[in-house]
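Everything on this sheet refers to the single structure shown next.
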Amino acid sequence: MNPTQELITNLADQYGRNREQLLPILQGVVEKEKFLSDYSMIEIARELDIPAAEVYGTATFYSFLEYKQMGTYIIRVCKTITCSMKGKNQILLTIKDMLKIGVGETTPDRKFSLLETNCLGWCHKAPAMLINDEIFTELTPEKVRGILTEYLKK
C-alpha cells in the first residue's frame with residue numbers, strides 16, 4: 001500500500017466510509033499532501049464506494065480544497081464587494097507585479113500561488129488576504145510589498 005492509499009484508509013477508518021464523510025476525508029488529504037491529486041480522488045472514491053465524479057465535483061466546489069499542486073505559500077486575496085471597494089485591485093496588481101504571476105498561477109520556483117477567494121470574514125478590515133493560514137488586513141500596496149518581501153526571504 002502506498003502512502004496516499006494508507007492515508008486515505010486511515011482517514012476512512014477515523015471518519016467512516018459514508019458519503020457524509022467525504023468532506024473531512026478530502027480535508028485530511030489536503031492537510032497532509034497539500035492538494036488532491038487525480039489519484040487521491042480516485043482512491044477516495046474507491047474507499048467510500050462512490051463515483052469518482054462525485055469526489056471531483058465536491059473537491060472543485062470548495063475553494064480551500066486544492067486539486068492541483070500549489071506553491072509553498074498560497075496567497076488568497078478576498079474578492080468580495082467590500083474588498084473591491086477598499087482597493088483589492090491595487091493589492092492584486094502589487095502582488096502580480098512583485099511575483100510576476102497572475103491569478104491562478106504559481107511562480108516557477110513553486111514558492112507562491114495566487115488565488116482570489118470569496119469572503120475571508122474580515123470585511124470590517126478590508127482589503128484582506130490570506131497567506132496559508134496567516135491573515136493580513138487593511139492592506140495597501142506598500143503593506144503588501146513589505147509582507148511579500150518578508151516571505152521572499154523565507
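Every number here is computed from the coordinates shown, using simple stated rules; none is lab data. A quick note: this is a predicted structure, and the numbers were derived from the prediction, not measured. No Cβ is skipped: glycine too gets one built from the backbone with ideal geometry, and neighbour counts run over all protein chains shown.
Isolated cysteines of the chain, defined as having no other cysteine beta carbon under 4.7 Å away, are 119, 123.
Per-residue 3J(HN,Hα) values for the range 66-78, derived from phi via the Karplus relation 6.51 cos²θ - 1.76 cosθ + 1.60 with θ = phi - 60°, read 6, 10, 9, 5, 10, x, 4, 10, 9, 9, 10, 9, 5 Hz in sequence order (x marks Gly and Pro). With all pairs of separate Cα atoms included, the range 73-153 yields a Kirkwood hydrodynamic radius of 12.3 Å. Extension gain for the segment residue 34 to residue 125, taken as residue separation times 0.36 nm less the Cα-Cα distance, is 29.9 nm to one decimal. Whole angstrom only: what separates the Cα centroid of the range 1-56 from the Cα centroid of the range 57-87? Distance between centres, Cα-based: 21 Å.
Here the range 73-153 is treated with +1 on each Lys and Arg Cβ and -1 on each Asp and Glu Cβ, and its dipole about the Cα centre works out to around 100 debye. Take each peptide in 99-109, 119-129, count the other Cβ atoms within 10 Å of every residue, and average; sorted highest first, the result is 119-129, 99-109. Since only 132, 148, 93 are under comparison, the one whose Cα sits farthest along the positive direction of the charge dipole of the range 73-153, derived from C-beta charges on Lys, Arg, Asp and Glu, is 93.
Overall, the chain carries a charge dipole of about 740 debye about its Cα centre when +1 sits on the Cβ of Lys and Arg and -1 on the Cβ of Asp and Glu, all other atoms neutral.
Candidate cross-link partners of residue 111 among the lysines, defined by an alpha-carbon separation under 16 Å and a same-chain spacing of 8 or more, comprise 34, 68, 96, 100, 153, 154.
Only Cα pairs under 8 Å and 6+ residues apart enter the sum, and on that basis the relative contact order of the chain stands at 19 percent.
Spin-label pair residue 110-residue 154: with each label point 7 Å from Cα along the Cα-Cβ axis, the two points sit 1.7 nm from one another.
Around the Cα centre of the range 3-61, unit charges on the Cβ atoms of Lys, Arg, Asp and Glu (plus for the first two, minus for the last two) sum to a dipole of about 80 debye. With the chain treated as a Gaussian network of Cα nodes joined by springs under 10 Å, which of 50, 131, 75 yields the largest mean-square fluctuation? Maximum fluctuation in the GNM of the chain, among the listed residues, is at 50.
In terms of surrounding Cβ atoms within a 10 Å radius of their Cβ, 98, 1 rank from fewest to most as 1, 98. In the range 73-153, Cα pairs under 8 Å separated by at least six residues give a relative contact order of 38 percent.
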